[in-house]
1. Taking the stretch 125-137 as the region of interest, how many residues are assigned to a helix (DSSP H, G or I) and among the β-branched types (V, I, T)?
2. Among (1) under 25 Å from E124 (Cβ atoms); (2) over 21 Å from the mean Cα position of the chain (by Cα); (3) in a loop (DSSP other than H, G, I, E, B), where does K87 come up short?
3. Would it be correct to say that R22 is part of a helix (DSSP H, G or I), more than 26 Å from P79 (Cα to Cα) and more than 15 Å from the chain's Cα centre (by Cα)?
4. Between E180, E150, E155, E196, which is closer than 24 Å to H56 by Cα, loosely packed, with under 15 Cβ neighbours inside 10 Å and of a type in the set (D, E, K, R)?
5. Check N4 against each of (1) free of Cβ contacts under 8 Å to residues at least 12 places away in the same chain; (2) not in a loop (DSSP other than H, G, I, E, B) and name the one condition it does not meet.
6. Picking from V97, V73, which residue would you name as being touching a Gly at 6+ places or on another chain (Cβ under 6 Å) and β-branched (V, I, T)?
7. On the basis of being in contact with a helix residue (DSSP H, G or I) (Cβ under 9 Å, 6 or more places away or on another chain) and either without any contact (Cβ under 8 Å) to a residue 12 or more places away in the chain or closer than 12 Å to D114 by Cα (or both), does Q80 make the cut?
8. State all residues of the stretch 31-55 that are among the basic types (K, R) and outside any loop (DSSP other than H, G, I, E, B); if no residue qualifies, say none.
Amino acid sequence: MEYNGFRASRIESVPTGIDAGRFRPGERKAARARFGLPQDKILVGIVATLRSWKGHGFLLEAMTRLPDHIELVIVGDGPQRAALEQKIARLNLQGRVRMQGQQADVLPWLRALDIFALPSYANEGVPQALVQAMLVELACVTTAVGGIPEVAEHERTALVVPPEDAAALAAAIARFAGDEGLRRELGEAARKHCVEGYSYERMLDRMENIYRNVSGVF
């Protein structure tokens, strides 16, 4: 609209749909056993390409403010891997951060977590990983960047913190870690919201409406 002069009434945004039948809650203990993850820890996870704007660095800084029973699982690979490994060593987090690399199927990893974090500070639409985590009923901590506010409403479907703020990120994670009821409440609300608005079926309905409106067939 800004650069090409299109009218707002002619623009429709259709986020990529997720299979809500597949991405659903599962057995956490079994998922952890499968990957050798500890059963007695609060596991925070992020699933994202290792790029600077995804906020992995701020998540590592947040970990230094959190107690030892909270650990971090990083799923994904990318150009920032070496820099993040160096930062993990510099912050003495080697025993509390697991770099799991690229995974063909992220669903069992999501099911192994207690909390999902996506502290992006730029270049986001509606992140598929965030929607997937919400469909698994994970308690999510994220930022109001790009299209994220479409799915993440503070204290209703997620905890939303300012971007590039490790202290606020740590505080939100600690809040979830200490309140299982809040994790369950926001996780269930997040799944309901995403099933209603971001499933494959909803995406197809939106696309069908666009084609009908353009073609004049009703």
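Here, each number is a calculation from the coordinates, and none is a lab measurement. A quick note: this is a predicted structure, and the numbers were derived from the prediction, not measured. Ideal geometry is used to build each Cβ from the backbone, glycine not excepted, and the neighbour counts take in all protein chains shown.
1. Of the residues in the stretch 125-137, the ones assigned to a helix (DSSP H, G or I) are 128-135.
When the remaining residues are screened for being among the β-branched types (V, I, T), the result is 131.
Going through the stretch 125-137 one residue at a time, the tally reaches 1.
2. Of (1) under 25 Å from E124 (Cβ atoms); (2) over 21 Å from the mean Cα position of the chain (by Cα); (3) in a loop (DSSP other than H, G, I, E, B), only one is false for K87: (3).
3. Numbers: part of a helix (DSSP H, G or I): no; more than 26 Å from P79 (Cα to Cα): yes; more than 15 Å from the chain's Cα centre (by Cα): yes.
Criteria not met by R22.
4. Numbers: E180 fails: closer than 24 Å to H56 by Cα; E150 fails: loosely packed, with under 15 Cβ neighbours inside 10 Å; E196 fails: closer than 24 Å to H56 by Cα.
None of the other options fit; the residue is E155.
5. Every listed condition holds for N4 apart from (2).
6. On the way: V97 fails: touching a Gly at 6+ places or on another chain (Cβ under 6 Å).
Result: V73 is the single residue among V97, V73 that is touching a Gly at 6+ places or on another chain (Cβ under 6 Å) and β-branched (V, I, T).
7. Details: in contact with a helix residue (DSSP H, G or I) (Cβ under 9 Å, 6 or more places away or on another chain): yes; either without any contact (Cβ under 8 Å) to a residue 12 or more places away in the chain or closer than 12 Å to D114 by Cα (or both): no.
No; evaluated as a whole, the condition is false for this residue.
8. Let us first name the residues in the stretch 31-55 that are among the basic types (K, R), namely 32, 34, 41, 51, 54.
Hits for the stretch 31-55 are R32, R34, K54.
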